[in-house]
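Every read-out reported here was derived from the displayed coordinates using simple, explicitly stated rules and does not represent laboratory data. All values reported here derive from a predicted model rather than from experimental measurement. All Cβ positions, glycine included, derive from the backbone under ideal geometry; neighbour counts span all protein chains shown.
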Amino acid sequence: MTNSMTAFVQVKDHDIIWEIRSVNHRYLDVSFRIPESFRSIETPLRAIVKTSISRGKLDCTLHISNGESSSNVTLDEALLDTLKNLQELITKKTGALPTDNALDLLRWPGVIKEMTLNRTEQLNVAERLFKQGIEQLQLVRKSEGQALGSIVEEKLELLAQKVNTIRDKTPKILGDYQKKLKSRVSQLTSEFDEGRLEQELVFIANKFDIAEEVDRLDTHIQEIRKILQSEDSIGRRLDFLMQELNREANTLSSKTLSSGNSLSAVDMKVLIEQMREQIQNIE
């Protein structure tokens, strides 16, 4: 599963607000900034994270906007309707002018209710809200991870094309080089040991043979494609394979006999580096 390690979410219930930020990291590193009165739920909060996330640095901040208590204001609509009816009745009976000031009605005791959470309710809400935040964070990480995976697949396809181009061109390049070398030797002297020359040509062919490197590049590319479809955490394995791709590309570059293949090898290393930069953000 291609999940990004970069995301941000904010969730709120009553006056309890969680802000959760996630960035790339080699391991799972979770830090909490919460009021001391909420420290008792830090352990279960960490357990929630570990069940969903395997890599990344998470900064989790809890805000309580109303200090020690968390409240929400509601209207007692039934009482408000009753007061309004009484007001109209009084106006009708006494002939007094009606007062349409809504604030006067709102000042009546009981019209506005403040629903206050006690400490136990606060802890429960904070824990439930945090779990909800982690679920939303995972959705964001998954969405961004899919975009990163698409970029890696695109670069991987270009890399495969470069490898195939080098594979197709190399036999002709090597053959032309051997013919050119043989022609130069014959021009320098009319007397030369044909057997010795053939040995040197075989040595050159072995020295500049890149079939092994090309085969390993193909194998790594196929493995990366499989890993991108995996449901497990894949970031570390992809990072390792990027190192292997880069090593094979460097070896191939040192063996090339043509400027065309040299340029293709440079393009390969650029593509590998571009993939590696994206993979740094994959969980």
key: Residues of segment 134-162 with amide N under 19 Å of the 7 Å Cα→Cβ point at residue 280   = 144-153, 155-156
Sum of side-chain charges, residue 4 neighbourhood, beta-carbon under 9 Å (Lys, Arg +1; Asp, Glu -1) = 0
request  = Could you pull out every residue, at least 5 positions away or on a different chain, whose amide H is within less than 5 Å of the one on residue 28? Hs are placed 1.01 Å off N in the peptide plane, and Pro or chain starts have none.
outcome  = 56
key: Length released on extending from residue 89 to residue 233, taking residue separation times 0.36 nm less the Cα-Cα span   = 44.8 nm
message = With 10 angstrom as the radius, rank 259, 254 by how many other C-beta atoms surround their C-beta, starting from the fewest.
response = 259, 254
ask   = Using alpha-carbon positions, what is the distance between the centroids of segment 3-61 and segment 244-283, in Å?
value = 37
ask   = What list of ³J(HN,Hα) couplings, whole Hz, do you get for segment 273-283 from phi and the Karplus terms 6.51, -1.76, 1.60, once you set θ to phi - 60° and write x for glycine and proline?
value = 5, 5, 5, 4, 4, 5, 5, 4, 9, 8, 5
